[in-house]
Protein chains: 2
Amino acid sequence: MGLVVQKYGGSSVADAEGIKRVAKRIVEAKKNGHQVVAVVSAMGDTTDELIDLAGEVSPVASGREFDMLLTAGERISMALLAMAIKALGHEAQSFTGSQAGVITDSVHNKARIIDVTPGRIKSSVDEGNIAIVAGFQGVSQDKKDITTLGRGGSDTTAVALAAALGAEVCEIYTDVDGVFTADPRVVKKARKIDWISAEDMLELASSGSKVLLHRCVEYARRYDIPIHVRSSFSGLTGTWVSNRPRGDQAMEQAIISGVAHDTSEAKVTIVGVPDKPGEAATIFRVIADAEINIDMVVQNVSAASTGLTDISFTLPKTDGRKAIAALEKHRDAIGFDSLRYDDQIAKISLVGAGMKTNPGVTATFFEALSNAGVNIELISTSEIRISVVTREDDVNGAVRAVHTAFGLDSDSDEAVVYGGTGR
Amino acid sequence: MGLVVQKYGGSSVADAEGIKRVAKRIVEAKKNGHQVVAVVSAMGDTTDELIDLAGEVSPVASGREFDMLLTAGERISMALLAMAIKALGHEAQSFTGSQAGVITDSVHNKARIIDVTPGRIKSSVDEGNIAIVAGFQGVSQDKKDITTLGRGGSDTTAVALAAALGAEVCEIYTDVDGVFTADPRVVKKARKIDWISAEDMLELASSGSKVLLHRCVEYARRYDIPIHVRSSFSGLTGTWVSNRPRGDQAMEQAIISGVAHDTSEAKVTIVGVPDKPGEAATIFRVIADAEINIDMVVQNVSAASTGLTDISFTLPKTDGRKAIAALEKHRDAIGFDSLRYDDQIAKISLVGAGMKTNPGVTATFFEALSNAGVNIELISTSEIRISVVTREDDVNGAVRAVHTAFGLDSDSDEAVVYGGTGR
């Protein structure tokens, strides 16, 4: 039995009862013969409360001091968790990100990990302790300042430690049973996926699946760390994410992994752009300089009569105002007719590794949407994903229609193209 | 203008308003041309809330993890304070005890400072920043674990940093105007002391004055750091504590500094102890082995007929049960008749540097108590202090009577022996 890294999110340690439940689960893994390193987030609403406090004393809550403030959250949860484990008769030590050797760059509030030197963690578990590590935080390489890793930071801490410690698995405990073929709140017949490749998981994460963030999956893929996403409440086997199929699952032909949707984006259309080299470059330099991450980009063929074309792209709704302002400011340099902004859209994505070898997949996808009366506004494809943009109102119907069309529904006898073994 | 270390307690930074008020005060000192290092405690009830949380997950809240937990409190207050200062347009950086170079031994929950290496603080203020430092915490020299300094820890952090940085003064901001000749809640006519020697302040602190703790005054005395105790609300000049009188105060003959009282102690009397060499040693070894700090010790002369004597001592009420149990356990080795325990006592102390050269002081003290109808149960004296134990019920009347008898009342024309300059 080797070393296991476990990660528990804020909802799993929201109160004393939750912390005690997590402590029991960690001790169980230890009793089973594993060395255990547990990464923990701040308790429930702690982070939001700290952000509120910051807002009361300062209009600008960011930078070095904001990171110093937020990292108090994990400090509390990790110390309490270590105490709860000791109360069960096992030895535990908690470590800050800095003590755990999580070295980052100096970009406060969204630092990136550049090295992990887990010497103290290794010594602690070798001495027989359970090591508890604060997620979401690190220390900057040059200035030795405390940093936070931004969204998905705790998952990334767990995967990074798993890689640096040579863990046999990184278990991500959450409040759902695993990764599903679609959002179970939308599709009642969605099935838990038993195994999914890191590549497919990356596409699902980029396409709106909230269970794992892109960043942590990318890290795990690069260092070949298997992730096991599972419930901290039920204790059931969840979803394995890894580069290689596990056990008998290797025998199955995985084609379609799942259907993801995302209603957090808006669509910007730039109307009447001169169709000449360098136009797109100018536009997206303007957007990049405003530090906005865009998602889909679509350009239609230009009308021969006018020599003008339209370019559409999607971006987080929260960046909409900023993007429009930036484009208006450079209107003359770009030379467009008008801007259209639409935040009533949804993106629906079908993800599966076998997609490109199955030409019928795209056709089936569009037929399903058509039969459900859903109009398609934009289309974008990759090797293992097809995404469309529709009206936001249509999203639930569209996701259900596609889920059914690809035989992903849990009680359907036609689920032959699905790679999982069902619930 | 040199460097000033300021310390703000939990009541001064209890909420966002308090933090903003403290930020303004710090900026004022900076504008006056000082380099400023501000040591801050946890906000108001934060520490108690964390202790409660610990109690919910573990029956034993102590040791390494408890320190990790508690230090989250200052992390929050110091980051918020730095943000509030930046919102006023000044540069500020916060530092944990570890980052500030507060090196301690490894005794968790009551660590002692063994070195201060404030290189980062020095660089920060030299670059023009205001440095905010977490009080009450440090890092252990051998294991690099986070430690807390126990009671009075933040004051001690401030004084230790002031010494290491060569500050011209350590300002302790609190919720009262300074050190008074008696507790103003008991004696309405108590006067604020403008200057008091470190020696007298040490005696007042040991005798029940709560404004400054013994530990921090001792540190300041040893490194010759002037302390200025003052209100964070009023901004008035408070009380200076230093080895040398300040300015024209040097010309005055300080005799009596003040009257302190303490109702937190209990009295143990060991009745019928054989009056032979080694008895007291045996008794106080038993008490010391139980890790109990005792205060006054009194032994009466033995009755010649029996060869037996009685030994009384005072100790914190919270240690009473433990002391009795320890003594009972060693009853045979010590060989006493019986134990008496009394926790309805008070200690009243008169402190003043000129005392031993004024034989009338002791007489005046006892006469004042006698006139007030207060019975004396134990007496103990030092070079600059007389203490008596009385009934707890008598304490307020006794303190007032002594305060008046020594001309300390603020509207009295007889205050000739008092060293301060009045309010």
- Query: A:R230: assigned to a helix (DSSP H, G or I), open to solvent by 30 Å² or more (accessible area, probe 1.4 Å) and either of a type in the set (K, R) or closer than 22 Å to A:A401 by Cβ (or both), yes or no?
  - Reply: no
- Message: Between B:A220, B:A190, which is in contact with a Pro (Cβ under 9 Å, 6 or more places away or on another chain) and closer than 30 Å to B:R391 by Cα?
- Response: B:A190
- Tell me which of these A:A164 doesn't satisfy, since it passes every other one: (1) in a strand (DSSP E or B); (2) open to solvent by 10 Å² or more (accessible area, probe 1.4 Å). (1)
- Out of (1) crowded, with 24+ Cβ neighbours inside 10 Å; (2) facing chain B (nearest Cβ under 9 Å), the odd one out for A:G63 is which? (1)
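Which one of these is within 14 Å of chain A (Cβ to nearest Cβ) and either of a type in the set (A, V, I, L, M, F, W, C) or touching a residue at least 60 places away in the same chain (Cβ under 8 Å) (or both): B:A100, B:A111?
Values: B:A111 fails: within 14 Å of chain A (Cβ to nearest Cβ).
Unique residue meeting the criteria: B:A100.
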- Message: Considering only the range A:335-353, I want to know if a residue exists there that is over 27 Å from A:I196 (Cβ atoms) and buried (at least 19 other Cβ atoms within 10 Å of the Cβ).
- Response: yes
- How about the range A:42-59: which of its residues are more than 7 Å from chain B (Cβ to nearest Cβ) and of a type in the set (A, V, I, L, M)? A:A42, A:M43, A:I51
- Any residue in the range A:164-177 that is under 30 Å from B:G97 (Cα atoms) and touching a residue at least 60 places away in the same chain (Cβ under 8 Å)? yes
- Task: Within the range B:79-97, work out how many residues are of a type in the set (A, V, I, L, M, F, W, C) and more than 7 Å from chain A (Cβ to nearest Cβ).
- Result: 5
- Residue selected from the range A:49-81 under the condition under 21 Å from A:S154 (Cβ atoms) and not in a helix (DSSP H, G or I), by the criterion farthest from the chain's Cα centre (by Cα): A:A61
- Message: Is it the case, given these coordinates, that A:A323 is modelled with pLDDT of 85 or more and closer than 30 Å to A:M201 by Cβ?
- Response: yes
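Looking at B:D177, B:D155, B:D142, can you tell me which residue is surrounded by fewer than 21 Cβ atoms within 10 Å (Cβ to Cβ), under 23 Å from the mean Cα position of the chain (by Cα), among the acidic types (D, E) and not in a strand (DSSP E or B)? Spell out the reasoning first.
On the way: B:D155 fails: surrounded by fewer than 21 Cβ atoms within 10 Å (Cβ to Cβ); B:D142 fails: under 23 Å from the mean Cα position of the chain (by Cα).
After ruling out the rest, the residue left standing is B:D177.
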- Note on the structure: Expected output for the range B:24-46 (first residue surrounded by fewer than 19 Cβ atoms within 10 Å (Cβ to Cβ), partner at pLDDT below 95 and not small (G, A, S), Cβ below 6 Å, 6+ apart or cross-chain) is B:G33/B:M1
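The values are calculated or read from the model by the stated rules, or taken from the named source; none is laboratory data. Computed from a prediction, not measured in an experiment: that's the story for all the values here. Glycine also receives a Cβ, built like all others from the backbone with ideal geometry; neighbour counts cover every protein chain displayed. When the accessible area is computed, the model is the full protein with side chains, heavy atoms only, and any ligands, DNA or RNA have been set aside. Shrake-Rupley method; radii C 1.70, N 1.55, O 1.52, S 1.80 Å.
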